[in-house]
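The values are calculated or read from the model by the stated rules, or taken from the named source; none is laboratory data. None of the values given here were measured: they were computed from a predicted structure. Note that we place each Cβ from the backbone using ideal geometry, even for glycine, and neighbour counts take in every protein chain shown. These area figures cover heavy atoms from the full protein model, side chains too; ligands, DNA and RNA do not enter into them. Shrake-Rupley method; radii C 1.70, N 1.55, O 1.52, S 1.80 Å.
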Amino acid sequence: MARRLFSSPLTLIGLFIVLMIIVLTIFAPWISPKDPLEVNLGQKLLPPSSEHWFGTDEVGRDIFSRIIYGTRISLKIGLLVVVIAFPVGTVLGAIAGFVGGVVDQIIMRITDIFLSFPGIILAMSIAAALGPSIENVLLALAITWWPWYTRIVRSSVLSIKNAEFVESARVIGANPIRVLFKEIIPNSIAPASIQASLDLGFVILAAAGLSFIGLGAQPPSPEWGAMLSSSREILRDAWWAATFPGLAILVTVLGFNLLGDGLRDLLDPKNR
Amino acid sequence: MTLLEVKDLKQHFTIKKGFLGEKKIVKAVDGVSLHIEHGETLGIVGESGCGKSSLGRTILQLLKPTSGEIIFNGKNITHLPRREMKTVRKDMQLVFQDPYASLNPRSKIRSILETPLIVHGMNNKAERMKIIESLIDKIGIRKEQLDRYPHEFSGGQRQRIGIARSLTLNPKLIIADEPVSALDVSVQSQVLNLMVDLQKEFNLSYMFISHDLSVVQHISDRVAVMYLGKIVEIANVEDLYKNPLHPYTKALLTAVPQPDPTKKRERIILQGDLPSPVNPPSGCPFHTRCPVATAECKTEVPELREKEMGHWAACIHVQPAQLEKPRLIIS
Amino acid sequence: MDALRYIIKRLLLMFPILFGITVLTFFISNTIPGDPARLAAGPHADAKVIEELRETMGLNKPLYVQYGTYMNNLVHGDFGFSNFSHQPVIEDIKAYFPATLELTLFSMFITILIGIPFGVISANKKDKIADQFTRVMSLMGVAMPAFWLGILLLLFFYLQLGILPGSGRLDTGLSPPVTITGMYTLDALLSGNWTVFQSAIIHLILPAITQAAVTIGMITRMTRSSMLEVLKSDYVRTAYAKGGTDTRVLYGHALRNGMMPILTLLGMTFGHSLGGSVLVESVFSWPGLGKYAVNAITYLDFPAVMAVTMLIAILFITVNLIIDILYQVIDPRLNYD
Ligand SMILES: Nc1ncnc2c1ncn2[C@@H]1O[C@H](COP(=O)(O)OP(=O)(O)OP(=O)(O)O)[C@@H](O)[C@H]1O
Ligand SMILES: [Mg+2]
């Protein structure tokens, strides 16, 4: 299994990026050369150099250090959103598929409603209602994201709910809750988990977008989307202030996508 | 003594084709009556789709019957609430066809075997292990193998694990739905012999479902032949194989290779395809393919009658031998 | 007959969804914010004003009554009053929507123009250099923050080279064409105003490319995989056997039959573009719904945000409905030769 994972260069690149992000997140204080919030007006708008690899911003903060600290914020949002949305979506999807009938109808119609909004728009309005802050963006994204897992898990549950090992649990008299949590869910969350690994990237992207329009992290937080947003003021004088935070988002999202794609190929029964 | 009695059992599935689509009814089991004695094996044979599995699952209450009664151990269990049904489940178990699909791929064998005991409230781990260890000893699985996953075993081993699981609760009746048809021929007889041994040891009754007539012959005391949801013939195994009465049974039997070439029968080939259980033929369901069908067969539904001593068939063209008193339904 | 039944079914199913959308937006606007009256009154209002507002907004009534009022207003085209533009939200939407629609249509046009040929080439040259390149590009496109790409394009084409405009819909000094559809390019064409048409097109280029970058990646991937399916099939082999040339077979036969899943994806990209408009319009100060919504957020003008949200959702499901119906009506199995 591991060998197959490593035989695809793109997956390897993805894995490498994700590992790098994890390392940066954990060791940010040791890796970053400067304090990400330290204002130094004497050093403002400096282009990239050996001292400031990615240059400095309008108040002289070191952009390289800010980007490193930014991994913490982005990874935290990505993980927390998935950690909230995944179990909620999974359990609802499993219940819908398992119980069927009216319960299924109700749950699926609710997910349809959520999915009839383009994701970022729904998240935007919820975050706007809650008020601008990173926690609210997190909550808004979680509320927007769960229906995807519900759909995926429901369809995998439907495909195994009449499997013989599930029936065997019913024959011995196991109650439905036990059947659901011990037999059905463990055997039907693989596709949704792969989706979750892809989603880590997309959640980070969406959160950056919401911060960009002023809903998420507020300055002076070194959040990538917020950094991009304020870079617009100094675009004429400091191309680096706009370039590097965006590059950080691109690389991060790409990393999770590549890894997720690789995992999907790995778990696809057609490739076994 | 009768362990299981089934009276006029029906299992009709409603299938709906799409939203606004018209409803269709599949008569998977359509008025089956039978009984199984303590320690007896009743074989059920029939072509694919004739409703054997549906019958088994309905008896086990995995499917809610459309109508009819199921009396188990003197108790009518047809409409028991789930809680009460749970205690009955201890006494009737199912062995599945596919040894690859019937074990949870993410559970260790230990946990697969332990689950029935846990579900039925045996909280003492040591006690559970004692039961499991004595069982796996009988099926030829070693204690060290308990912590392996199903995919680490061969098909035959898995099927034996499946049988062991059905025995953990010490049941009285086991419904085995094609338990050996997914196995290699070489492994089939091993598993069959194991089932026979276990039957003696635990005084089990079997309802043994198969489309393989020779396997059924080997293991059964009595055999029922199903066609489109109905039993068309039921008799002792010797009577049925030596002296089949129903034209369908005759046709099935001629298709079986005979061990004794001198007794070679002429093969009867059935015309046409198996009709759909959605629109079963009128009258006798077999008339569309029957070599001896007459005009009457298209309209008259033949009842299952005792034609010879203990030998029942549903065909108007089979003349009853002289019985003291013809009875209508199996008692 | 089946197609008709399908259309009826889909139309019927649309009502519960529409109802659900209003319930959800009602829920977001009336129960999530701690106090809608405080929101509506603005950050500097005093307690008495807020209390009065609560009364006039009917916030002291039970929720279902409030929902009834809300629905009633919606049906009558009343989406609330914007305290930031000082006019009914519906007026603002009428003013801003054409700009968004124009941008979305243009970006979808670019998406189709680039995405589909790239997908076809990629499938036809599977695993060759062209395919590898296309696949990496589409992966990048999907992972790319569109608003960042927009900023980079601004930086290069507007600030650095100065060859393309960086904001707005027309050069300053030009007045908009006579309003017919509200889409400047179309209106300029219809009224024969060539100068305005040129200016409008030039202003569209950067935002539309930015918007399209993400969807091109999606369409390319989808076209590639559905073409691969089709190319394997018998009738394409037959077409080649009959002596069809590459271009004819690829674009004539195969693409026509691979079109169906792509059509579905176009529906999705439409939604994606509408969603993305919030970000892209902010970057280019494009005066559309997205920019309007973002401004409304900045000014805590909540009715405006919710109106845009609901409008976009309704638009999105309508487009998907139309595509699903098309899909059903033009069944590809009828087009095999
Ligand atoms: N859950 C269900 N819903 C609708 N139809 C069903 C269902 N289960 C079985 N059927 C139909 O009922 C009929 C009998 O099926 P069943 O599985 O009982 O046959 P079988 O004799 O066990 O066949 P096989 O030898 O293939 O296992 C078939 O036509 C089948 O399609
Ligand atoms: Mg069966």
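Of all aspartates and glutamates in the structure, those lying under 13 Å Cα to Cα from B:Lys230, and not within fewer than 8 positions of it along the same chain, are B:Asp8, B:Asp30, B:Glu47, B:Glu303. Straight-line cross-link reach from B:Lys75 at under 15 Å between alpha-carbon atoms covers these aspartates and glutamates, not counting any fewer than eight positions away in the same chain: B:Glu5, B:Glu37, B:Glu84, B:Asp91. The label-point distance for A:Asn175 and C:Leu159, in a model that sets each label 7 Å from Cα toward Cβ, rounds to 6.4 nm. Comparing mean-square fluctuations of C:Tyr292, C:Tyr96, C:Tyr67 from a GNM of chain C with C-alpha springs under 10 Å, the top value falls on C:Tyr67. Here the protein assembly as shown is treated with +1 on each Lys and Arg Cβ and -1 on each Asp and Glu Cβ, and its dipole about the Cα centre works out to around 1880 debye.
With K and R counted +1 and D and E -1, the other residues having a Cβ less than 11 Å from that of C:Tyr184 yield a net charge of -1. Taking the 1.4 Å solvent-accessible surface of the stretch A:161-236 as the whole, the part contributed by carbon and sulfur is 58%. Think of chain A as a dipole: +1 on every Lys or Arg Cβ, -1 on every Asp or Glu Cβ, centred on the Cα centre; then among A:Val251, A:Ser231, A:Trp146, A:Trp146 lies furthest on the positive end. Given their separation in residues at 0.36 nm each and the Cα-Cα distance between them, B:Glu127 and B:Thr2 gain 41.8 nm when the chain is fully extended. By definition, a body whose alpha carbon gyration tensor gives a ≥ b ≥ c is prolate when a/c is 1.5 or more and a/b is larger than b/c, and chain B fits this prolate description.
Counting Cβ atoms of other protein chains within 10 Å of each Cβ in C:137-145 and taking the mean gives 6. For the set C:Phe156, C:Phe270, A:Phe86, A:Phe16, the ranking by accessible area, highest first and with no ligand, DNA or RNA atoms included, is A:Phe16, C:Phe156, A:Phe86, C:Phe270 under a 1.4 Å probe. Taking θ as phi - 60° and the Karplus parameters 6.51, -1.76 and 1.60, the scalar couplings of the stretch B:160-176 work out to 5, 5, x, 5, 4, 4, 5, 8, 4, 8, 6, x, 9, 10, 10, 9, 10 Hz in sequence order, x denoting glycine and proline.
May I ask which residue of A:Leu80, A:Phe181, C:Gln132 lies farthest towards the positive end of the charge dipole of the protein assembly as shown, with charges of +1 (Lys, Arg) and -1 (Asp, Glu) on Cβ and the Cα centre as origin? Among A:Leu80, A:Phe181, C:Gln132, the one farthest towards the positive end of the dipole of the protein assembly as shown is A:Phe181. Annotated for the stretch C:94-330: lysine pairs at least 8 residues apart or interchain, Cα distance under 28 Å, count 8. Given +1 at the Cβ of Lys and Arg, -1 at the Cβ of Asp and Glu and no other charges, the dipole of chain B around its Cα centre is 1060 debye to the nearest 20. Using the Cβ-Cβ distance between B:Thr254 and B:Ile15 with R0 = 35 Å, the FRET efficiency computed as 1/(1 + (r/R0)^6) comes to roughly 0.55. Spin-label pair C:Leu11-B:Asn236: with each label point 7 Å from Cα along the Cα-Cβ axis, the two points sit 7.1 nm from one another. In a fully extended conformation the segment linking C:Leu190 and C:Phe81 would gain 35.9 nm over its present Cα-Cα distance, using 0.36 nm per residue. Per-residue SASA remark: C:Ile323, around 20 Å² accessible (1.4 Å probe; ligands, DNA and RNA not included).
Positive contributions from Lys and Arg (+1) and negative ones from Asp and Glu (-1), summed over other residues with Cβ under 14 Å from the Cβ of B:Ile71, come out at -2. Only protein heavy atoms count here, probed at 1.4 Å, and on that basis chains C and A bury about 3600 Å² of accessible area in total. Taking label points 7 Å from Cα along the Cα-to-Cβ direction, B:Asn170 and B:Tyr149 give a separation of 3.4 nm.
Within the full protein context, the accessible area of C:Val49 is estimated at about 70 Å² for a probe radius of 1.4 Å. Taking the charge dipole of chain B about its Cα centre, with +1 at Lys and Arg Cβ atoms and -1 at Asp and Glu Cβ atoms, the residue from B:Gln11, B:Gly74, B:Ala224 reaching farthest to the positive side is B:Gln11. Ordering C:His44, B:His218, B:His35 by accessible surface, largest first, gives C:His44, B:His218, B:His35; the 1.4 Å probe counts only protein heavy atoms, with every chain in place. Shown for chain B: the carbon plus sulfur share of the solvent-accessible area, taken with all protein chains present and a 1.4 angstrom probe, equals 50%. Largest accessible area first, the residues C:Trp194, A:Trp148 order themselves as C:Trp194, A:Trp148 under a 1.4 Å probe with ligands, DNA and RNA left out. Using a probe of 1.4 angstrom, how much of the accessible area of the stretch C:94-330 is carbon and sulfur, in percent? In the stretch C:94-330, the share of accessible area belonging to carbon and sulfur is 68 percent. Summarising the strand pairing of chain B, around 65 percent of its internal DSSP beta bridges are antiparallel.
Each Lys or Arg adds one and each Asp or Glu subtracts one; over the other residues with Cβ under 14 Å from the Cβ of C:Ser85, this totals -1. When the Cα gyration tensor is reduced to axis lengths a ≥ b ≥ c, the ratio a/c is 1.5 or higher for the stretch B:1-122, and with a/b not above b/c it is classed as oblate. Between B:Val232 and B:Val225, B:Met226, B:Tyr227, the built amide H atoms are under 5 Å apart, and every one of these is 5 or more places off in sequence or on another chain. Taking 29 Å as the straight-line reach from the Cα of B:Lys130, the lysines in range (excluding those fewer than 8 positions away in the same chain) are A:Lys182, B:Lys86, B:Lys90, B:Lys108, B:Lys138, B:Lys143, B:Lys172, B:Lys200. Computed over protein heavy atoms with a 1.4 Å probe, the accessible surface of the stretch A:192-252 works out to 27 Å² per residue. Using Cβ point charges alone (K and R +1, D and E -1), the dipole size of the stretch C:89-191 about the Cα centre works out to roughly 480 debye.
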